Amino acid sequence: MSKLEQVIQQFKSELGGDFVSTDVVGMDGISIAGGSVDPNFSASDAAARFAEVMKLAVKVSKKIDIGKVDDNLVTTDKNYIISRFLGDGSYYWVVVVTSNATLGTLRMLMNE
């Protein structure tokens, strides 16, 4: 198991039952690590679609001059989806949890 896979496993275990999916994704929308515990949730589809969301977040941020994108939060009636750039911005990390999750804890774990 690679170091990245180990970190993802640790992250998943710390989130417990609220965890749905996580992926580390290139800006081409292709996941390099991660996956979903929910067979009804397509992690690869989410990874691909959120590449466009991240590109749009950067574009909007620049257009209205509001600063560098830290993370992007999407909330639905079922889930929270947080995505954030990694390193030089060539990759991003997307995490999906149930709406029962505590956002502060999620962000803390992502920062770790």
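Brief remarks on what is shown
- Residues that are within 14 Å of the chain's Cα centre (by Cα) and closer than 14 Å to Met54 by Cα were ranked within region 66-81; the one that is most open to solvent (accessible area, probe 1.4 Å) is Asp70.
- Among the residues listed as Asp23, Asp28, the single one being more than 13 Å from the chain's Cα centre (by Cα) and either under 24 Å from Glu112 (Cβ atoms) or at pLDDT 90 or above (or both): Asp28
- Qualifying positions in region 82-112 - β-branched (Val, Ile, Thr) and open to solvent by 80 Å² or more (accessible area, probe 1.4 Å): Thr102
- Residue among Asp70, Asp77 that alone is at pLDDT below 95 and among the charged types (D, E, K, R): Asp70
- Residues (touching a Ser or Thr at 6+ places or on another chain (Cβ under 7 Å) and exposed (fewer than 14 other Cβ atoms within 10 Å of the Cβ)) located in region 23-36: Gly26
- Residues satisfying the stated conditions in region 5-22, i.e. over 13 Å from Trp93 (Cα atoms) and crowded, with 16+ Cβ neighbours inside 10 Å: Lys12, Leu15, Asp18, Phe19, Val20
- Cβ pairs under 8 Å, 6+ apart, first in region 36-52 and among the hydroxyl-bearing types (Ser, Thr, Tyr), second in a loop (DSSP other than H, G, I, E, B): Ser36/Ser42
- Residue count, region 37-60 (criterion: surrounded by fewer than 15 Cβ atoms within 10 Å (Cβ to Cβ) and of a type in the set (Ser, Thr, Tyr)): 1
The values are calculated or read from the model by the stated rules, or taken from the named source; none is laboratory data. If you're wondering where the values come from, they're calculated on a predicted model, not measured in any experiment. Note that each Cβ is placed from the backbone with ideal geometry, even for glycine, and that neighbours are counted across all protein chains shown. For the accessible areas, the whole protein counts, side chains as well, though only heavy atoms, and no ligand, DNA or RNA atoms are used. Shrake-Rupley method; radii C 1.70, N 1.55, O 1.52, S 1.80 Å.
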